[in-house]
Amino acid sequence: MEPGGSTVPGEPAPRPTATTHTAVTHAVREGVARVVLCHPARRNALTGEMWRRIPPLLRRLSADPGVRVLVLTGHGETFCAGADIRDLRAGDAPQDLAVAAEEAIAAFPGPSLAVIRGDCVGGGCQLAAACDLRLAAAGARFGVTPARLGLVYPASSTARLTRLIGPSATKHLLFSAELIDTDRALRVGLVDEVLPPDALERRAGRLIATLLSRSALTQRAAKEFVDHPPADPAAGTLRTERWRTAQRESGEAAEGVAAFLERRPPSFRWAGGIDPPDRAPGVRVPPPG
């Protein structure tokens, strides 16, 4: 298992040990892929190499039928302080790299969960916003800070943030570059739950266990419909029927109803086998950037 590896669903993840390693590490266990941003010398700020590692890693995880849930977190007591600003002086283009990483996380077909401690700022907040759900420890701070550097925040990332927290809260973060606390982040919808620091991993484990117990078919269809709304009612009907065909052929609904009537936990077994949303009828997915 790599540093920061996943744990048994429903149990707390092991706390990371001290390290000076700079990497994006991952481990897969019992249907859960745990991806850890690791650059402790700079509060897990993402270097160009770390940004570049995320898209191919996410493509592999997305294509693995054994991976049901994605967990994104930071090493130690910080989620991510953003991009490593030294890359700007080196002539790298961290914003383009950040968008590619953000889109790769958003494209993961199953549920994704950001588990956040400490600062979640700049590119770190960008990656957290690309996850489906966000749990935060009390005391975490959030910010989107290109206005401190005179940078233009990408249009696609601005649109995603606006969908998540609304126009006014997005403008506040982008105009002011202020850091907000967990109370405000919860109020505007940037996080879904705030936990005491010592309860964060336990709650994440319980939520992951719940997600694993539900139908992957239902989850993937719901994610497609939420993230890529139909272009028109006719397209929506086609896409719904496409998923209902998978529902019938997979036996997921039959198992769910039988389990309910027999008062037992369902045993859902569907593990994919349907075209991704960018090839589904009536879907218009804009290119990254």
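The values are calculated or read from the model by the stated rules, or taken from the named source; none is laboratory data. None of the values given here were measured: they were computed from a predicted structure. Backbone-built Cβ (ideal geometry, glycine too); neighbour counts: all protein chains shown. Calculation scope for accessible area: heavy atoms of the full protein, side chains included, ligands and nucleic acids excluded. Shrake-Rupley method; radii C 1.70, N 1.55, O 1.52, S 1.80 Å.
Of all residues in segment 195-247, those satisfying the criterion of being hydroxyl-bearing (Ser, Thr, Tyr) and under 24 Å from the mean Cα position of the chain (by Cα) are Thr210, Ser213, Ser215, Thr218.
Among strands (runs of 3 or more DSSP E) entirely within segment 76-167, having at least 1 residues that are open to solvent by 10 Å² or more (accessible area, probe 1.4 Å) and in contact with a strand residue (DSSP E or B) (Cβ under 8 Å, 6 or more places away or on another chain) singles out 119-121, 133-137, 141-143.
Determine if segment 185-205 includes at least one residue that is surrounded by fewer than 19 Cβ atoms within 10 Å (Cβ to Cβ), β-branched (Val, Ile, Thr) and part of a helix (DSSP H, G or I). Scanning segment 185-205 turns up at least one residue that is surrounded by fewer than 19 Cβ atoms within 10 Å (Cβ to Cβ), β-branched (Val, Ile, Thr) and part of a helix (DSSP H, G or I).
Within segment 168-183, the set of residues being under 17 Å from Asp119 (Cβ atoms) and either crowded, with 16+ Cβ neighbours inside 10 Å or in contact with an Asp or Glu (Cβ under 7 Å, 6 or more places away or on another chain) (or both) comprises Leu173, Ala177, Leu179, Ile180, Thr182.
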